[in-house]
Each structure stands twice: as C-alpha cells, then as structure tokens.
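Taking it in order: structure first as structure tokens, then the write-up.
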Amino acid sequence: MTAAVSLTGKEVTFGEDEIIVSKTDLKGRITYANDVFLRIAGYTEAEVLDQPHSIIRHPDMPRCVFKLLWDTISAGSEIFAYVVNRSKNGDHYWVLAHVTPSFDANRSIIGYHSNRRVPDRQVLDSAIIPLYRELKKKEDAFDNRKDGMNAAFADITALLQSKGVAYDEFIATI
C-alpha cells in the first residue's frame with residue numbers, strides 16, 4: 001500500500017474471539033500474518049510477507065506512540081498499545097496490541113510478535129482517540145517531522161511521569 005491510497009473513513013472490526021497475529025524480523029518486515037490479519041487488512045499473504053509492518057500504518061496514528069513501542073520492545077520488554085491501522089482499501093480498524101520481542105536461546109532478540117484483540121470501545125472514545133488526536137496535532141504543528149514526533153513524545157512521557165506509570169500500565173488502567 002502506498003500513501004496515495006485514500007482513506008474511506010469506514011471502520012471495520014473483527015470478532016471478540018479473534019486475534020490478529022503477526023511476526024516481524026528485527027527491521028519490522030512481516031514474516032508471518034494469520035488469516036484474521038489478512039482478512040481485516042485486506043491483503044494476501046504474498047502481499048505482506050517481507051513487507052514493512054508499516055504497510056498498515058494509518059496516517060492518524062501518532063508516530064510518537066510507535067517510537068514508544070519500538071523503544072520498549074527493542075529494549076527486550078513487552079508493551080500493550082492501542083493502534084489504529086489502515087486496511088488495503090483505505091478502511092481502518094482499532095486494535096489493542098500486545099507486542100513482545102522473540103528471543104533465541106542466548107536471549108538475543110531475533111524478531112517481534114504481536115497479538116491484537118478488539119479494543120474496549122469506551123476506552124477508545126473516552127481516552128485513546130482524544131489523546132492520540134492531541135499527540136498527532138502536536139506532531140503536525142512542526143515543519144520538521146522528527147521535531148514534531150519528539151515534541152509529542154515529550155508530551156506523552158510527561159503525562160506518564162505525572163501518573164508515575166509506564167505506557168502499558170497507563171493503558172491497563174484507563
């Protein structure tokens with residue numbers, strides 16, 4: 001998918017009993033995607049394998065949240081995060097992602113594994129969507145994308161510090 005794909009504004013969902021699963025290598029290239037992932041994202045397996053996971057990145061998703069996610073998992077820890085993704089046809093879907101590093105026998109990180117469930121709609125509407133909207137607004141206020149991401153990252157870091165929690169603990173308590 002390219003950035004030229006138009007967004008439809010249509011949200012699609014998946015079953016409460018379903019889990020979207022994907023695995024990536026260290027650079028975030030998809031090495032596995034289950035049937036639920038392929039159905040919701042609208043891709044075939046051949047279209048996603050070896051592609052960057054950002055193939056499903058929605059442009060409204062604050063980049064600072066991905067920075068937090070990548071900083072956490074590349075340091076060897078797991079993270080829970082709400083993410084809005086974009087389907088191949090421009091639809092979107094929200095997930096509560098649990099992302100973990102995969103280790104070899106020597107405890108070296110060899111890739112990443114993500115299980116994604118249907119998120120709590122009330123949490124999305126009351127906390128996550130407003131928070132992400134503010135973070136994205138901050139990011140977009142800068143001419144330089146990196147400066148914007150760093151400013152929004154500072155905002156979310158300050159929010160977490162004010163509450164005395166890590167991001168996934170924050171997510172678990174809202």
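Extents of segment 127-174, largest first, come to 34, 19, 13 Å (Cα atoms, principal axes, whole angstrom).
Rounded to the nearest 20, the Cβ-based charge dipole of segment 77-131 about its Cα centre (Lys and Arg +1, Asp and Glu -1) stands at 120 debye. The value obtained for segment 38-85, namely the Cα convex hull volume divided by the number of residues, is 96 Å³ per residue. A 1.4 Å probe run over the chain, with the rest of the protein chains in place, finds 53 Å² accessible per residue. Among beta bridges from DSSP that stay inside the chain, the antiparallel ones total about 95%. Here segment 69-174 is treated as a Stokes sphere of Kirkwood radius computed over C-alpha pairs; at 25 °C and 0.890 mPa s its diffusion coefficient rounds to 160 µm²/s.
Restricting the calculation to alpha carbons of segment 1-104 gives Rg and Dmax of 13.3, 41 angstrom. Between ARG133 and ASP120, the contour length at 0.36 nm per residue exceeds the alpha carbon distance by 2.9 nm.
Each other residue within a Cβ distance under 15 Å of PHE103 adds +1 if Lys or Arg and -1 if Asp or Glu, for a net charge of -1. So what's the net charge close to GLU139: Lys and Arg +1, Asp and Glu -1, counting the other residues with Cβ under 12 Å from its Cβ? The answer is +2. When only alpha carbons are used to place a centre, segment 126-174 and segment 83-107 end up 19 Å from one another.
The values are calculated or read from the model by the stated rules, or taken from the named source; none is laboratory data. All values derive from a computational prediction rather than experimental measurement. Cβ sites come from the backbone with ideal geometry, for glycine too, and all protein chains shown count toward neighbours. Ligands, DNA and RNA are stripped out before the accessible areas are found, and what is left, the full protein with its side chains, is counted by its heavy atoms. Shrake-Rupley method; radii C 1.70, N 1.55, O 1.52, S 1.80 Å.
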